[in-house]
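Read through the structure below, which is laid out as structure tokens, and then see the notes.
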Amino acid sequence: MDGLTLHQAIFALVIAVVSFGLILELVRRRRLREEYSWLWLLTAAIMVLLVVWFPLLRFVTVLIGAVTPINTLLLFAVLFLFAIAVHYSVIISRLTTQVKNLAQELALVSARAEAPPADRR
Amino acid sequence: MKSLIIIPAFNEAGRIGRVVAGVRAAVPDVPVLVVDDGSADDTAAVARRAGARVVCLPFNLGAGVAAQTGYKLAVREGYDCVAQLDGDGQHEPGDLPALLAVIERREADVAIGSRFLGAAEYRPGFARRIGMGLFSLLAWLVTDMRFSDVTSGFRALNADVVRFVATEWYPTDYADADVLITLRRAGFRLKEIPVRMYPRAGGRSMHAGLAPVYYVFKMLLSVSLAPLRRETSARKGH
């Protein structure tokens, strides 16, 4: 099996390094919280690893039965996007519950505050 | 026994007044709580004028969340028995005493109003009958109970059950078949009693557009996962 062409390797590296830098910059400016950055950083780091260390890429390619190494890279990109989307769905579900509880609490507390004193128990 | 009637309502200004009046006439000494689910109309004001206590959610969260808000209030204020009915006039307030009586006499922990027991006036359409039959079958498979009306939102609960449904897992969108199954599996005693239900007098049904498709999907998923979930042990935590 041939390795990545220089062209493919440079392109994949540029994408990975730019993503890595972008995420770090967003965290630095506090536009992205550290807790939500790790999956993106991991994605970029693994991408770099697969590009620069060909034996690993070849091993994975053979393992999953892909035809060319570049297919493996693309497959991993898709898998990571999937993982990130699921990660966000879980976070959104948690936030939905928290918003629901807050709204209920607000409704109950303000009903209590508005009630005439005789109504309070 | 200290009882409370909960009515979740969303944009029901045209109907909520009659519903509250009907409830007060049926059970004069039981306080009525209307949970206004972020209505854009005068639902809260109309309900207050009709003599209900009103709790307002800051935005629309769905009937399940509105009802749960009422349950949370009932837990905090120590009610022994809570009955719930819809704010759109589909449920007959005259059947409330029968539901409350089941709880008061400790015949069951949950009394469910079924429109299909006894003299049924309600005739659902074909699609809805298929759906109800399916969920009734599923409910029977995962519990030991035959429910005649799995989509009923007309019910009464005792204090243990109210505490149970006021916890985290209670569904935020639709809450019927899966709630009955979870309650049954948690070891509560459920009993169906005949009630009257009427077709909606105008307004927009919760089951419009694509909503029924989501409803069926959600219930299938939720009912199938119910036996695999751990909530059933939550009861012992209280």
Worksheet, complete the sentence: B:Val82 neighbourhood, Cβ < 14 Å, K/R = +1, D/E = -1, net charge +1
Response to the item:
Relative contact order of the range A:1-99 (C-alpha contacts under 8 Å, at least 6 apart) in percent is 29 percent
Worksheet item: Which value, in debye to the nearest 20, gives the size of the charge dipole of the range B:3-237 about its Cα centre, when Lys and Arg are +1 and Asp and Glu are -1 at the Cβ?
Response: 320 debye
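Over the range B:3-237, what is the relative contact order in whole percent, taking alpha-carbon pairs under 8 Å and six or more residues apart?
It comes to 22 percent, rounded to a whole number.
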Item to complete: Arrange A:Trp40, B:Trp140 by Cβ neighbour counts within 10 Å, fewest through most, would you?
Response: B:Trp140, A:Trp40
Worksheet item: How large is the helix-only mean residue ellipticity at 222 nm for the protein assembly as shown, computed as the sum of -39500 (n - 2.57) over DSSP H runs with n ≥ 4, divided by its residue count, in deg cm²/dmol to the nearest 500?
Response: -17500 deg cm²/dmol
Worksheet item: With charges set only on the Cβ (+1 for Lys and Arg, -1 for Asp and Glu), what does the dipole of chain A come to about its Cα centre, in debye to the nearest 20?
Response: 380 debye
Worksheet entry | Nitroxide proxy distance, nm - points 7 Å out along Cα→Cβ at B:Asn60 and A:Arg33 | 2.8 nm
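Going by a ≥ b ≥ c, the root eigenvalues of the Cα gyration tensor, does chain B fall in the rounded group (a/c under 1.5), the prolate group (a/b larger than b/c) or the oblate group?
Here chain B falls in the rounded category.
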Worksheet item: If you count the DSSP beta bridges with both ends in the protein assembly as shown, what percent of them are antiparallel, to the nearest 5?
Response: 30 percent
Worksheet, complete the sentence: Taking only C-alpha positions in the range B:1-81, Rg and Dmax in angstrom work out to 11.8, 35
Worksheet, complete the sentence: Within the set A:Thr96, A:Thr43, A:Thr61, GNM on chain A using Cα springs under 10 Å gives the largest fluctuation to A:Thr96
Worksheet entry | trypsin sites (Lys or Arg not before Pro) restricted to DSSP loop in the range B:54-154 with at most 12 other C-beta within 10 Å | B:Arg105, B:Arg106, B:Arg146
Response to the item:
Over all pairs of different Cα atoms in the protein assembly as shown, the reciprocal of the mean inverse distance gives a Kirkwood radius in Å of 23.6 Å
Practice prompt. Mind sorting B:Thr182, B:Thr151, A:Thr5 by how few other Cβ atoms lie within 10 Å of their own Cβ, fewest first?
Written response: A:Thr5, B:Thr151, B:Thr182
Worksheet item: Of A:Leu73, A:Leu108, A:Leu32, which has the largest mean-square fluctuation in a 10 Å C-alpha GNM of chain A?
Response: A:Leu108
Worksheet entry | Most fluctuating residue given options B:Leu96, B:Leu61, B:Leu33, as computed from a GNM of chain B linking Cα atoms under 10 Å | B:Leu61
Discussion item. As a footprinting exposure proxy, order B:Cys81, B:Cys56 by other Cβ within 10 Å, with the fewest listed first.
Written reply: B:Cys56, B:Cys81
Discussion item. Of all beta bridges DSSP finds with both residues in the range B:3-237, what is the antiparallel percent, to the nearest 5?
Written reply: 30 percent
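What FRET efficiency comes out for the pair B:Ala45/B:Ala25, r = Cβ-Cβ distance, R0 = 30 Å, nearest 0.05?
The calculated FRET efficiency here is 0.90.
Each reported figure results from applying straightforward, stated rules to the coordinates on display, with no laboratory input. Bear in mind that the values here come from a model prediction, so they are computed numbers and not experimental data. So basically every Cβ, Gly included, is an ideal-geometry build from the backbone, and we count neighbours across all protein chains shown.
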